[in-house]
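The values are calculated or read from the model by the stated rules, or taken from the named source; none is laboratory data. Keep in mind it's a predicted model, so treat the numbers as computed, not measured. Glycine gets a Cβ as well: all are built from the backbone with ideal geometry, and neighbour counts include every protein chain shown.
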Amino acid sequence: MSQSMEIALIIGIVIAIVAVVAFAVNGGIHALTQSTSVDIVHSEFTKTFDGTYYASVDVKNDGSKVLDNVTVQISGSMPYSLSPQSLEPGQTASYSGIVVPNPENPISGAQVPVIVKATADDGSITSKMGILFAP
């Protein structure tokens, strides 16, 4: 093999290695710049005449990753799944319904904690704490 062929072969291999490294770094940077974030955009807490509590919570995916298994928990209630279950970045999901078990008769205007949790498509978890005011 001539010397010029060897140089061309070495240059070709170097260019291929640089291209593979650049592709890997670009993908790595993209993965590092993605984020998981949720925001509580609206929440209401009401009580019926018979003492049953109802809540309405709207959540927005403020991050850049798809979120699955989005839940909301009001005070010591069980976690409720929001609809839709999977949220693309910028989308919102909602829960509206009864709160079980009922909170222990909070004083009107008292702060009742709300916790929203979600799992991103890469397995990372994000959460947001908010408050509702007792009716």
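Mind telling me which of the residues V112, V99, V116 ends up being surrounded by 18 or more Cβ atoms within 10 Å (Cβ to Cβ) and either outside the structural domain of F49 (by TED's automatic domain parsing) or in contact with a Lys or Arg (Cβ under 7 Å, 6 or more places away or on another chain) (or both)? Break it down into steps so the answer makes sense when it comes.
Values: V112 fails: either outside the structural domain of F49 (by TED's automatic domain parsing) or in contact with a Lys or Arg (Cβ under 7 Å, 6 or more places away or on another chain) (or both); V99 fails: either outside the structural domain of F49 (by TED's automatic domain parsing) or in contact with a Lys or Arg (Cβ under 7 Å, 6 or more places away or on another chain) (or both).
Going through V112, V99, V116 in turn, the sole match is V116.
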Just to verify a result, which residue in segment 80-96, among those that are hydroxyl-bearing (S, T, Y) and not in a loop (DSSP other than H, G, I, E, B), is nearest to the chain's Cα centre (by Cα)? T92
Taking segment 45-70 and keeping only residues that are in contact with a Phe, Trp or Tyr (Cβ under 6 Å, 6 or more places away or on another chain), of a type outside the set (A, V, I, L, M, F, W, C) and surrounded by 15 or more Cβ atoms within 10 Å (Cβ to Cβ), one is left with K47
G130 fails exactly one of (1) surrounded by 12 or more Cβ atoms within 10 Å (Cβ to Cβ); (2) without any contact (Cβ under 8 Å) to a residue 60 or more places away in the chain, namely (2)
Taking segment 97-127 only, how many residues are in contact (Cβ under 8 Å) with a residue 60 or more places away in the chain, over 11 Å from the mean Cα position of the chain (by Cα) and under 16 Å from D39 (Cα atoms)? 1
Working only within segment 101-134, note down all residues that are farther than 12 Å from Y53 by Cα, touching a strand residue (DSSP E or B) at 6+ places or on another chain (Cβ under 6 Å) and assigned to a loop (DSSP other than H, G, I, E, B). G109
